[in-house]
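See structure below.
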Amino acid sequence: MKKEVVEEVRYDASSIIVLEGLQAVRKRPGMYVGSKGSRGLHHLVYEVVDNSIDEALAGFCKNIMVIIHPDNQVSVFDDGRGIPVEMMEKYGRTALEVVLTTLHAGGKFDNRSYKVSGGLHGVGLSVVNALSEKLWVEVRRDGKIFRQEYERGNSISKLRVCGDTTTHGTIIKFKPDPEVFEELDFNFDMIAQHMREMAFLTRGLKITIEDQRAERERTESFQYNGGVVDFAKYLTSKKEPLFKNVIFIEGSDGEDQCEIAITYTNSYVENIFTFANNINTHEGGTHLVGFKTAITRTVNDYARSKGLLKEKDENLIGEDIREGLIAIVSVRLREPQFEGQTKTKLGNSEIKGFVESIVNTKFGEYLEEHPKEARLIVSKALVAASARSAARKAKELTRRKSLIESTSLPGKLADCTFTDPALCEIFIVEGDSAGGSAKQARDRRFQAILPLKGKILNVEKARINKILSSEEIQAIISAIGTGIAEDFSIENSRYNKIIIMTDADVDGSHIRTLLMTFFYRYMPEIIESGYLHIAQPPLYMVNKDGSKHYAYSDEELNDLKKRIASKNIHVQQYKGLGEMNPEQLWETTMDPGTRILLKVDIDDAILADEIFSVLMGDDVGPRREFIEKNAKDVRFLDI
């Protein structure tokens, strides 16, 4: 047996590398902006806007404007005080250059310039500068206009005075670096949604976003004097409200402040959006825990005091009370402790008790003073509790049993032989015919097939007991193994890739939407973890002299015809997955080496919730309005 020769790798002092200045940001951009894809690209805009928002929170900024230029450069204007430009003797540079080139530099650390701010880590502008091919800054303060240019984090000009002014503020214009980002195309709707949130959370602030790109010209402005109350009204505008009022709660302990808006709809899902210093804390944190604890206790206390819960009755659980709830929980604090640079979870332990105390008192007072609304809330929770009890048995059947109890897996599932979830993937396939082809086409070592019969239940219009009585949904939950809702555990997933594979027609699109609605509402962690994908089967197969080519759109088909010459060719249109033989299905749609998969992502939970409510909810009006507005953008209505 030949002995393997292993090259010795030296590990000594010469192996230690120190990344100076902003090199670390360029080396590991994902640590600072989340990714090198679309999410990270848009995070650059949010970081710049956060600095302007901090000026607004401090009371010095009334207007912010975001412009997307024709070449996908972005400018952010504000009428705040302007970044200081004086020389900092300690560093031998101006304050502006220190802010733009040094991590953890800014006016957020002394508790004087900003009582509260979102940019507490002090890396926002410096990170944007580091990840931009070019960045230009203009500061208006002290009666002068100051300008400076940067390239990939380094100044390429000295700060200079370019004129006099009676205005004040800061303009940051940047061009994202193509060496860093995988895509450079800004999404207007994504940025606009974020700007809308910021305007809701900062009463009176006007934020305008303008798209100057050819054939995409568009402008929107946001200004809300009602703050989080207007936010709650906006979120319920596409749903049926349980009552008209939005409950507003606010409080302060001298250091920290909170504003909370609460309302209910007739839907069966809850939506609580939390913010700390205007930063969207997607993963919640201590403010969310305090809110949930308080609202559960307060409703139970009210129900018992009014005899709506009898002595023998068990308390309502939080899940019952939050059915149909829409709430905005916004806190502002001097020293927020976020988990990670992307600031998705608040960790301040004292905030739990602070929020809990305010909600206990103020929400309790509201219920006493508004008996009609209070009884509607309790009645809805009681119905939800009854449905939960009825669902308990169905839910137990869907929980993942041990391997010995393998009968818990659905009979229609053709499982794979590998057991390591990191290596396994499952195709959720439309129909028995396509399921049969997929079972023959797959690599049974790591690919599982779960065929579904027809369209699954629209979970947007059903309670949990009805959802869990659906045979098709039971099969999905059992096969994946994570459980759902409060019983969900991503660690129990049997597959790290879940692929929806449906026909490329209207019915297939509908089934795909129904499945995504189910995952979004009851297994959102599957999407957040990057497990959910959509298969892209071809629409056409072009055969020329025995050589097969595939096209995934009409444009690709036309290009293909031009490329291989349109004479002596045979074009086959696939109207369904079942029309492909196993070999064709494997090489076009299932082979990891050649297939095209679309990863399902949630860039903005509020926007996602709105779209699912519009498209899958009971209210026909908003759905018609959505279709009329977006009909011009439809490319394939039926293929």
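The values are calculated or read from the model by the stated rules, or taken from the named source; none is laboratory data. Everything numeric in this text was worked out from a predicted model, so none of it was measured. Heads up, the Cβs are rebuilt from the backbone with ideal geometry, glycines too, and the neighbour counts pull from every protein chain shown.
Below is a table of values for the structure above.
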| item | result |
| --- | --- |
| Flag if GLU179 is part of a loop (DSSP other than H, G, I, E, B), of a type outside the set (Lys, Arg) and more than 19 Å from the chain's Cα centre (by Cα) | yes |
| Subset of the stretch 487-513 that is of a type in the set (Lys, Arg) and in contact with a strand residue (DSSP E or B) (Cβ under 7 Å, 6 or more places away or on another chain) - its residue that is farthest from GLU579 (Cα to Cα) | LYS497 |
| Given (1) of a type in the set (Lys, Arg); (2) under 24 Å from THR101 (Cα atoms); (3) in contact (Cβ under 8 Å) with a residue 40 or more places away in the chain, index of the condition LYS206 fails | (2) |
| Qualifying residue in the stretch 270-282 (condition: within 25 Å of ALA387 (Cβ to Cβ) and surrounded by fewer than 19 Cβ atoms within 10 Å (Cβ to Cβ)) | yes |
| Unique residue being touching a Gly at 6+ places or on another chain (Cβ under 9 Å), in the same structural domain as PHE519 (by TED's automatic domain parsing), modelled with pLDDT of 90 or more and not β-branched (Val, Ile, Thr) when the list is GLU460, GLU472, GLU425 | GLU472 |
| Residues satisfying the stated conditions in the stretch 228-269, i.e. part of a loop (DSSP other than H, G, I, E, B), buried (at least 21 other Cβ atoms within 10 Å of the Cβ) and either touching a Pro at 6+ places or on another chain (Cβ under 9 Å) or not assigned by TED's automatic domain parsing to the domain that holds GLU323 (or both) | LYS238, LYS239 |
| Residue in the stretch 290-297 that is touching a strand residue (DSSP E or B) at 6+ places or on another chain (Cβ under 6 Å), buried (at least 22 other Cβ atoms within 10 Å of the Cβ) and at pLDDT 95 or above present | yes |
| In the stretch 26-66, residue nearest to GLU182 (Cα to Cα) [restricted to those that are of a type in the set (Gly, Ala, Ser) and either surrounded by 17 or more Cβ atoms within 10 Å (Cβ to Cβ) or free of Cβ contacts under 8 Å to residues at least 40 places away in the same chain (or both)] | SER38 |
| Meets criteria (closer than 30 Å to GLU350 by Cα and modelled with pLDDT under 95) for GLU240 | no |
| Residue count for the stretch 557-579, restricted to those that are assigned to a helix (DSSP H, G or I) and either at positive phi or without any contact (Cβ under 8 Å) to a residue 40 or more places away in the chain (or both) | 9 |
| Filter result (over 20 Å from ASP189 (Cβ atoms) and assigned to a loop (DSSP other than H, G, I, E, B)) within the stretch 37-63 | ALA58, GLY59, PHE60, CYS61, LYS62 |
| Considering residues of the stretch 270-319 that are outside any helix (DSSP H, G or I) and either in contact with a Cys (Cβ under 7 Å, 6 or more places away or on another chain) or of a type in the set (Lys, Arg) (or both) only, the residue farthest from LEU235 (Cα to Cα) | LYS312 |
| Residue within the stretch 344-355 that is part of a strand (DSSP E or B), over 17 Å from GLU250 (Cα atoms) and in contact with an Asp or Glu (Cβ under 6 Å, 6 or more places away or on another chain) present | no |
| Of all residues making up the stretch 23-67, the number that are more than 23 Å from the chain's Cα centre (by Cα), among the small types (Gly, Ala, Ser) and under 13 Å from MET198 (Cα atoms) | 1 |
| Among residues of the stretch 254-285, those that are aliphatic (A, V, I, L, M) and within 20 Å of ARG521 (Cβ to Cβ), counted | 2 |
| Subset of the stretch 298-323 (residues that are crowded, with 21+ Cβ neighbours inside 10 Å, in contact (Cβ under 8 Å) with a residue 60 or more places away in the chain and in contact with an Asp or Glu (Cβ under 7 Å, 6 or more places away or on another chain)) | GLU323 |
| Matching entry among ILE527, ILE511 (being farther than 26 Å from GLN584 by Cβ, buried (at least 16 other Cβ atoms within 10 Å of the Cβ) and touching a residue at least 24 places away in the same chain (Cβ under 8 Å)) | ILE527 |
| Odd one out for ILE209 among (1) outside the structural domain of LEU376 (by TED's automatic domain parsing); (2) surrounded by fewer than 21 Cβ atoms within 10 Å (Cβ to Cβ) | (2) |
| Residue in the stretch 365-376 that is of a type in the set (Ser, Thr, Tyr), touching a residue at least 24 places away in the same chain (Cβ under 8 Å) and farther than 25 Å from THR263 by Cβ present | no |
| Of the criteria (1) at pLDDT below 90; (2) more than 23 Å from ALA434 (Cβ to Cβ); (3) of a type outside the set (Ser, Thr, Tyr), which one GLU525 fails | (1) |
| Residue match in the stretch 89-101 (condition: touching a helix residue (DSSP H, G or I) at 6+ places or on another chain (Cβ under 6 Å), at pLDDT 90 or above and over 26 Å from PRO29 (Cα atoms)) | no |
| Residues of the stretch 188-205 that turn out to be surrounded by fewer than 16 Cβ atoms within 10 Å (Cβ to Cβ) and either among the basic types (Lys, Arg) or part of a loop (DSSP other than H, G, I, E, B) (or both), as a count | 1 |
| So ASP71, is it within 28 Å of the chain's Cα centre (by Cα) and surrounded by fewer than 15 Cβ atoms within 10 Å (Cβ to Cβ) | yes |
| Subset of the stretch 481-494 that is within 22 Å of the chain's Cα centre (by Cα) and either farther than 18 Å from VAL459 by Cβ or free of Cβ contacts under 8 Å to residues at least 40 places away in the same chain (or both) - its residue that is surrounded by the fewest Cβ atoms within 10 Å (Cβ to Cβ) | GLU491 |
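Listed here are the residues, each with its yes/no results for (1) over 24 Å from LYS352 (Cβ atoms); (2) over 27 Å from the mean Cα position of the chain (by Cα); (3) not assigned by TED's automatic domain parsing to the domain that holds PHE363.
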position: VAL299; (1), (2), (3): no, yes, no
position: TYR302; (1), (2), (3): no, yes, no
position: LYS306; (1), (2), (3): yes, yes, no
position: LYS310; (1), (2), (3): yes, yes, no
position: GLU314; (1), (2), (3): yes, yes, no
position: GLU319; (1), (2), (3): no, no, no
position: ARG322; (1), (2), (3): no, no, no
position: ALA327; (1), (2), (3): no, no, no
